[in-house]
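Notes follow the structure.
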Amino acid sequence: MIDGVNLTDCKTLEEYCEKKTAEYKANGWSTVSCQIEFYNDAGVYTLEDAIKWELYGTYSDIHKDARGFRPRFNFLEYTVNELEEMIDDVSEEAKEIAEMERREERRAWVNLRKEIIDHAEYFNISLKKSLEENIIKADVMYGDTGQVDLGYYCYKRGIPFSKYKIITKVLEQKVEEKYGDKIVNIEV
């Protein structure tokens, strides 16, 4: 099933494109990738080629997550089963990498908390002030504005993005969402 349309329920590429177009329109999505010309431009002329194309797209996405880049190869030279096996293999690798990243993020969070607490105790300052100083050192401020993107701070510190909520509480602030960024203000 791709985007709500089951390829195996279709008999031709044209039928698949019609069903995919209807599905995309119903969801308010762009239908550019539903047109038969889109597939033909990619060398896809049959339903089997379309299945391979969709499998290649899935493989490419998972491969990028696992290895950091998109593979380039002629997907039409592979069978559907070979492409499915490739997806299974790279999916396992992606799961292992995701788990490793989660462990690293947890460790980074524990280390950051210790760093903030130790700094606060050593200099006899509040956790809030210690965290503010740590954020300033991380160089994630928008110029001299005092505005800080907590998502970028989390990224630079290697901690889970979700921790911005705890950081916001320690800073005793509400987050301002701007273009997808989580903004707080720090006095410089």
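The values are calculated or read from the model by the stated rules, or taken from the named source; none is laboratory data. Please read these numbers as outputs of a predicted model, since none were measured by experiment. A quick note on method: Cβ atoms are made from the backbone with ideal geometry, for glycine too, and the neighbour counts reach across all protein chains shown.
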Query raised in the report: Condition test on D144, is it surrounded by fewer than 14 Cβ atoms within 10 Å (Cβ to Cβ) and either among the acidic types (D, E) or over 23 Å from the mean Cα position of the chain (by Cα) (or both)?
Result: yes
Report task. Among the residues of segment 118-147, count how many are touching an Asp or Glu at 6+ places or on another chain (Cβ under 9 Å) and among the β-branched types (V, I, T). Result -> 2
Report task. Can you confirm whether segment 130-138 contains a residue that is surrounded by 14 or more Cβ atoms within 10 Å (Cβ to Cβ), at negative phi, part of a loop (DSSP other than H, G, I, E, B) and not assigned by TED's automatic domain parsing to the domain that holds A50? Result -> yes
Query - Any chance V80 is touching a Lys or Arg at 6+ places or on another chain (Cβ under 8 Å) and among the β-branched types (V, I, T) - result: yes
Query raised in the report: I97 is checked against (1) at pLDDT below 95; (2) touching a Ser or Thr at 6+ places or on another chain (Cβ under 8 Å); (3) in a helix (DSSP H, G or I) and fails just one. What number does that condition carry?
Result: (2)
Requested in this report: Go through the residues of segment 43-50 one by one and say whether even a single one is within 13 Å of M86 (Cα to Cα), surrounded by 18 or more Cβ atoms within 10 Å (Cβ to Cβ) and either among the basic types (K, R) or under 26 Å from the mean Cα position of the chain (by Cα) (or both).
Outcome: no
Requested in this report: Confirm whether E133 is of a type in the set (D, E, K, R) and in contact (Cβ under 8 Å) with a residue 24 or more places away in the chain.
Outcome: no
Query raised in the report: Mind checking which pairs have a first residue in segment 70-90 that is within 14 Å of W53 (Cβ to Cβ) and a second that is loosely packed, with under 12 Cβ neighbours inside 10 Å, Cβ under 8 Å, 6 or more apart or different chains?
Result: L76/G43
Report task. Considering only segment 7-42, state which residues are buried (at least 16 other Cβ atoms within 10 Å of the Cβ) and in contact (Cβ under 8 Å) with a residue 24 or more places away in the chain. Result -> L7, C10, L13, Y16, Y39
Report summary line: When restricted to K156, K182, the only residue within 25 Å of E101 (Cβ to Cβ) and part of a strand (DSSP E or B) is K182
Requested in this report: May I ask you to list the residues in segment 161-173 that are over 17 Å from I186 (Cα atoms) and surrounded by 15 or more Cβ atoms within 10 Å (Cβ to Cβ)?
Outcome: K163
Query raised in the report: Has segment 120-135 got any residue that is among the β-branched types (V, I, T) and farther than 30 Å from T46 by Cα?
Result: yes
Report task. Inspect all residues belonging to segment 113-126 and state whether any of them is more than 30 Å from I51 (Cβ to Cβ), modelled with pLDDT under 95, outside the structural domain of I62 (by TED's automatic domain parsing) and of a type in the set (D, E, K, R). Result -> no
